[in-house]
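> Right, I'll just put the structure down here and ask away after.
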């Protein structure tokens, strides 16, 4: 299991802020690489950089078979039985940071988190924290900027881009339409070879499009059941990507 120096984030506070997704800290250009411009309520910028530096050190070891990149939804795979079962045996590294935007992950990609890394596959899930302050077109451009940077930094690695997961309990939650628009644009990044796209969102919903509490307690982050659904939905495509 990958160790990490940071004390676990204030999960409820992070969840509330992500659900609000309209705070000034979440504004900016999704395609312009940048670390956070101000402290998160649960974490200082200084601590954010310490986490980033720990990821840089992990990347430099050159041992990662898989690399997961993203925000708190990715971060919370850590210390999870599903992670232990499916990804720890593959020497996976978890480079998630709660609260991150597309521009923050882009900055991390360009500033050391890919140095000497040789993962067979990079799994990218990012953009939900941009939904309150950016248009669907801007967010899709931010996701594309991340993919383009990964292709340049890790030309031998395949990239699995995941669609932004559903937000809000009900199917008519306003942000669902924006997420659908982002995902429709992001899907076009799939070239059938080095970059693949997968939307696991429908697997998380019931027949009425509801995101139930046993899958997502706060209608954003996932429970262990939710992570198992993710792992199962991703397994066939990931296996093919790893095999080639």
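The values are calculated or read from the model by the stated rules, or taken from the named source; none is laboratory data. This structure is a prediction, so every number in the text was calculated from the model and none was measured. Neighbour counts are summed over all protein chains in view; Cβ atoms, including those assigned to glycine, are modelled from backbone coordinates with ideal geometry.
> Could you please let me know if residue 151 is part of a helix (DSSP H, G or I), touching a strand residue (DSSP E or B) at 6+ places or on another chain (Cβ under 8 Å), more than 16 Å from residue 125 (Cβ to Cβ) and at pLDDT 95 or above?
It is true that residue 151 is part of a helix (DSSP H, G or I), touching a strand residue (DSSP E or B) at 6+ places or on another chain (Cβ under 8 Å), more than 16 Å from residue 125 (Cβ to Cβ) and at pLDDT 95 or above.
> Right, here's the next one. Confirm whether residue 68 is under 22 Å from residue 166 (Cβ atoms) and either in a strand (DSSP E or B) or in contact with a helix residue (DSSP H, G or I) (Cβ under 6 Å, 6 or more places away or on another chain) (or both). Before you say what the answer is, go through the steps one by one.
On the way: under 22 Å from residue 166 (Cβ atoms): yes; either in a strand (DSSP E or B) or in contact with a helix residue (DSSP H, G or I) (Cβ under 6 Å, 6 or more places away or on another chain) (or both): yes.
Yes.
> Considering only residues that are closer than 16 Å to residue 172 by Cα and assigned to a helix (DSSP H, G or I), which ones fall in region 198-213?
Selection gives 201, 202, 204.
> Can you tell me which of 198, 189, 165, 175 is closer than 17 Å to residue 71 by Cβ and in contact with a helix residue (DSSP H, G or I) (Cβ under 6 Å, 6 or more places away or on another chain)?
Result: 165 is the single residue among 198, 189, 165, 175 that is closer than 17 Å to residue 71 by Cβ and in contact with a helix residue (DSSP H, G or I) (Cβ under 6 Å, 6 or more places away or on another chain).
> Report, by residue number, each residue of region 214-244 that is outside any helix (DSSP H, G or I) and over 27 Å from residue 131 (Cα atoms).
First, pick out the residues of region 214-244 that are outside any helix (DSSP H, G or I): 214-223, 244.
Listed by number, the list holds a single entry, 244.
> When you scan region 184-207, do you find a residue that is within 25 Å of residue 137 (Cβ to Cβ), in contact (Cβ under 8 Å) with a residue 60 or more places away in the chain and surrounded by 15 or more Cβ atoms within 10 Å (Cβ to Cβ), even just one?
No, region 184-207 contains no residue that is within 25 Å of residue 137 (Cβ to Cβ), in contact (Cβ under 8 Å) with a residue 60 or more places away in the chain and surrounded by 15 or more Cβ atoms within 10 Å (Cβ to Cβ).
> Looking only at region 100-132, which residues are touching a helix residue (DSSP H, G or I) at 6+ places or on another chain (Cβ under 6 Å), under 13 Å from residue 51 (Cβ atoms) and part of a loop (DSSP other than H, G, I, E, B)?
Matches in region 100-132: 112, 113.
> Separate question: Go through region 21-37 residue by residue and tally those that are part of a loop (DSSP other than H, G, I, E, B) and at pLDDT below 60.
3
> Separate question: With respect to residue 70, is the statement that it is under 17 Å from the mean Cα position of the chain (by Cα) and in contact (Cβ under 8 Å) with a residue 60 or more places away in the chain true?
Judged against the criteria, residue 70 is not a match.
> Sticking with this one: Restricting attention to region 77-103, and to residues there that are buried (at least 21 other Cβ atoms within 10 Å of the Cβ) and more than 13 Å from the chain's Cα centre (by Cα), which single residue is nearest to residue 138 (Cα to Cα)?
It comes out as 87.
> Which of (1) surrounded by 18 or more Cβ atoms within 10 Å (Cβ to Cβ); (2) in contact with a helix residue (DSSP H, G or I) (Cβ under 7 Å, 6 or more places away or on another chain); (3) modelled with pLDDT of 95 or more is the odd one out, the single condition residue 220 does not satisfy?
Failing condition for residue 220: (3).
> If you don't mind, there's one more thing I want to ask. What is the residue count in region 39-65 for residues that are modelled with pLDDT of 90 or more and part of a loop (DSSP other than H, G, I, E, B)?
Adding up the residues that qualify gives 7.
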